[in-house]
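Participant: Following this message is one structure expressed as structure tokens.
The values are calculated or read from the model by the stated rules, or taken from the named source; none is laboratory data. Keep in mind the model is a prediction, meaning the values are calculated, not measured. Every residue, glycine as well, gets a Cβ built from its backbone with ideal geometry; the counts of neighbours run over all protein chains shown. Protein only, heavy atoms only, side chains kept; ligands, DNA and RNA dropped before computing areas. Shrake-Rupley method; radii C 1.70, N 1.55, O 1.52, S 1.80 Å.
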Amino acid sequence: MTPLTFGPAGRRLFGIFHAPATGLAPASAVLLCPPMGQELFRAQRFLRVLSDRLARAGVAVLRFDYHGTGDSPGDDEDGDMAGWQGDVAAAHAELRRRAGAVPVAWCGARLGATLAAAAAHAAAQGPQHLLMWDPVLDGAAYLRALREAHASVLIKSFCLPVPGLRRRLAAEPDAYTEGPLGYGLSARLRQELRELVPQRVALSPAHGTTVLAMPQDATAQAWAEAQRALARPVQRVPFAHTWGWTEDQQRPGQATMVPAEPLQQLLQRLRAPAEATA
Amino acid sequence: MTETPVRFGPEDARLMGVLTVPDALPAAPLACLLINQGAGHRTGPARINVKLARRLARQGIASLRLDLAGLGDSDAPRGNGGHVEQGVADLLAAMQLVETMTGIRRFLHIGLCMGGVYGAALAQQDPRVAGLLLFDSFAFPRRRAALALALRRIVALPFNASLREKIANALRGRIHGRGAQLADAPTPEDHAQRFRAAMSALAARGTPVLMLSSGSLHVADRGHDQLGEMAGEPFAQHIEYRFEPAIEHTLVTLASQRVFLDLACDWARRVQQRTAVAPAGAAAGRAARPAPALAGC
């Protein structure tokens, strides 16, 4: 496991490269495109363990933090969709530089999946396969969920009566969107998220795609079908899990840093991206 | 400033961190150790450790934010010791790394929640720690503060489903036993004893301590309530005590973060000024007469 910084001088990124633990040249490589904000904070240990397991299976892995997130330079409010898509491309280039000419799969979680789908159109010698885990396809709904989670944390933490907060959530569409769960969002990013609708998330025909989404995620289902109708090679896999992306989604008694079901599911699908594509 | 990712510690159980060094270090430089809040990542809730590291760097203070063994990007510990002993060992390795890379030999520790417990244990045994900030790390609320919390909960209960769920879970835990927890989780008495021993040692050494409590965890405070019966002990006079009712325990609001960052950076600046004029013996941790608490007590 090698921590590193990479990318252009004006936009360095923090990343961690996991060389295959076998000591052999990698047979394939995986780029992990993480989620944002508290979703990233909660997923960090999971991503570390996933990377370790993949490396043990002979897969080279790069995970990284987008500009203004995690350990990367930049403030919370510096993030925007186009810049982050560029970060995915920069990370892909860094992975290829380190892993060599092997099949590469991208695995994106939540907003990371959405960014990866967009970035794949422009990435030089892009991925052979894209695995999207619980992708964010409806930005307004995502923003709504974040601010509701934010209010929920306040309610729990301060033991507050709910009605006032709920009234504010209902009356003010922008309430709690400036820094949901403590992570600042610029006005520009909030607008970009509001404009993010499934119709604007298009897959490249150059790679295969697997969409792992909760069975009740009708948006993901409809979107995958629409992409298939456009002759994109998409496989949708209903995937129920108990992992809570945010604190308020975590069910009592199931608070674990590294949930077993997603780990097994992702390992199984990322060990051999070339097979997944086929 | 420069930010450098680092791997360090034992060869068979490496630790991971990011070292932040200001462009220019003062004559008596300090480095701040920032660690995980609970089991979270080194960046801290709401990325607070990153924000803090960068602000401290602008004040001329270096920092290392690190994952303790078994957390974040650090390897699992190899030893069989208790979690506090392991945490202290990790922090000692962090200090060694900072000294090797920067030459800095005096340290601050800013500990969020459980992070402060490790920091207190470290500071008790290592005189290189020149200041300790404890945020919601220890609390021994007196009856008045406990009643205020109970009252708040009772008032909120009919309107707050999550609170009802929280109470139901706590009751279930008492009936059926708790789920996963630290094997060596201390009893309340052990916790208090640990605090008393650490604070007594720091008072004797004249090491500044800021005890900061959030309003979300403690609700009310009329003055040193969270020190409980220990408020009357000699070491308590040495502790700078702050209760901030608007701050939330995980710093989930941007306003909470601003207050926390201002308080922490102001405290660090005052410790920095103090250590800049302290005699070398004090820096080396020689036992000294208890110093007066810092301004703001």
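Participant: So A:R194 ticks every box in (1) within 7 Å of chain B (Cβ to nearest Cβ); (2) free of Cβ contacts under 8 Å to residues at least 60 places away in the same chain but one. Which box is left unticked?
Facilitator: The failed condition is (1).
Participant: While we're looking at this one, here's another question. Determine whether B:N169 is open to solvent by less than 10 Å² (accessible area, probe 1.4 Å) and within 14 Å of chain A (Cβ to nearest Cβ). Walk me through it before giving the result.
Facilitator: Working: open to solvent by less than 10 Å² (accessible area, probe 1.4 Å): no; within 14 Å of chain A (Cβ to nearest Cβ): yes.
No: the conditions fail for B:N169.
Participant: Residues that are open to solvent by 10 Å² or more (accessible area, probe 1.4 Å) and farther than 23 Å from A:L230 by Cα: which helices (runs of 4 or more DSSP H) entirely in region A:81-198 hold 2 or more of them? Walk me through how you get there before you give the answer.
Facilitator: Working: elements: A:81-99, A:111-119, A:139-158, A:162-171, A:187-194.
The helices (runs of 4 or more DSSP H) meeting that bar are A:81-99, A:139-158, A:162-171, A:187-194.
Residue-wise test of (1) within 13 Å of another protein chain (Cβ to nearest Cβ); (2) assigned to a loop (DSSP other than H, G, I, E, B); (3) within 20 Å of B:N36 (Cβ to Cβ); (4) not small (G, A, S).
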position	(1), (2), (3), (4)
B:S213	no, no, yes, no
B:R222	no, yes, no, yes
B:E229	no, no, no, yes
B:F243	no, no, no, yes
B:A246	yes, yes, no, no
B:V252	yes, yes, yes, yes
B:R258	yes, no, no, yes
B:L261	yes, no, yes, yes
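Rundown of residues vs (1) crowded, with 20+ Cβ neighbours inside 10 Å; (2) modelled with pLDDT of 85 or more; (3) hydroxyl-bearing (S, T, Y), yes/no style:
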residue: B:D225; (1), (2), (3): yes, yes, no
residue: B:P234; (1), (2), (3): no, yes, no
residue: B:E244; (1), (2), (3): no, yes, no
residue: B:Q272; (1), (2), (3): yes, yes, no
residue: B:R286; (1), (2), (3): no, no, no
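Participant: Need pairs with beta-carbon distance below 6 Å; first residue modelled with pLDDT of 95 or more and within region B:18-45, second open to solvent by 20 Å² or more (accessible area, probe 1.4 Å) and among the charged types (D, E, K, R); sequence gap 6+ or separate chains.
Facilitator: Filtered contacts from region B:18-45: B:V18/B:E3; B:T20/B:E3; B:L30/B:R106.
Participant: Find the helices (runs of 4 or more DSSP H) located wholly in region B:75-174 whose residues include 3 or more that are modelled with pLDDT of 95 or more and farther than 24 Å from B:F195 by Cβ, and list them. Lay out the reasoning, then the answer.
Facilitator: Values: elements: B:83-102, B:114-125, B:143-156.
Qualifying helices (runs of 4 or more DSSP H): B:83-102.
Participant: Does A:D65 satisfy the criteria of being charged (D, E, K, R), within 11 Å of chain B (Cβ to nearest Cβ) and surrounded by fewer than 22 Cβ atoms within 10 Å (Cβ to Cβ)?
Facilitator: Working: charged (D, E, K, R): yes; within 11 Å of chain B (Cβ to nearest Cβ): yes; surrounded by fewer than 22 Cβ atoms within 10 Å (Cβ to Cβ): no.
Answer is no for this residue.
Participant: Looking only at region A:1-44, which residues are surrounded by 17 or more Cβ atoms within 10 Å (Cβ to Cβ), part of a strand (DSSP E or B) and touching a helix residue (DSSP H, G or I) at 6+ places or on another chain (Cβ under 9 Å)?
Facilitator: A:F6, A:L13, A:G15, A:I16, A:F17, A:H18, A:S28, A:A29, A:V30, A:L31, A:L32, A:C33
Participant: Please verify whether region B:156-164 includes one or more residues that are in contact with a Lys or Arg (Cβ under 8 Å, 6 or more places away or on another chain), more than 14 Å from chain A (Cβ to nearest Cβ) and open to solvent by less than 40 Å² (accessible area, probe 1.4 Å).
Facilitator: No, region B:156-164 contains no residue that is in contact with a Lys or Arg (Cβ under 8 Å, 6 or more places away or on another chain), more than 14 Å from chain A (Cβ to nearest Cβ) and open to solvent by less than 40 Å² (accessible area, probe 1.4 Å).
Participant: Among the candidates A:A202, A:A206, which residue alone is in contact with a helix residue (DSSP H, G or I) (Cβ under 8 Å, 6 or more places away or on another chain), part of a loop (DSSP other than H, G, I, E, B), open to solvent by 40 Å² or more (accessible area, probe 1.4 Å) and more than 14 Å from chain B (Cβ to nearest Cβ)?
Facilitator: Values: A:A206 fails: in contact with a helix residue (DSSP H, G or I) (Cβ under 8 Å, 6 or more places away or on another chain).
Checking each option against the conditions leaves just A:A202.
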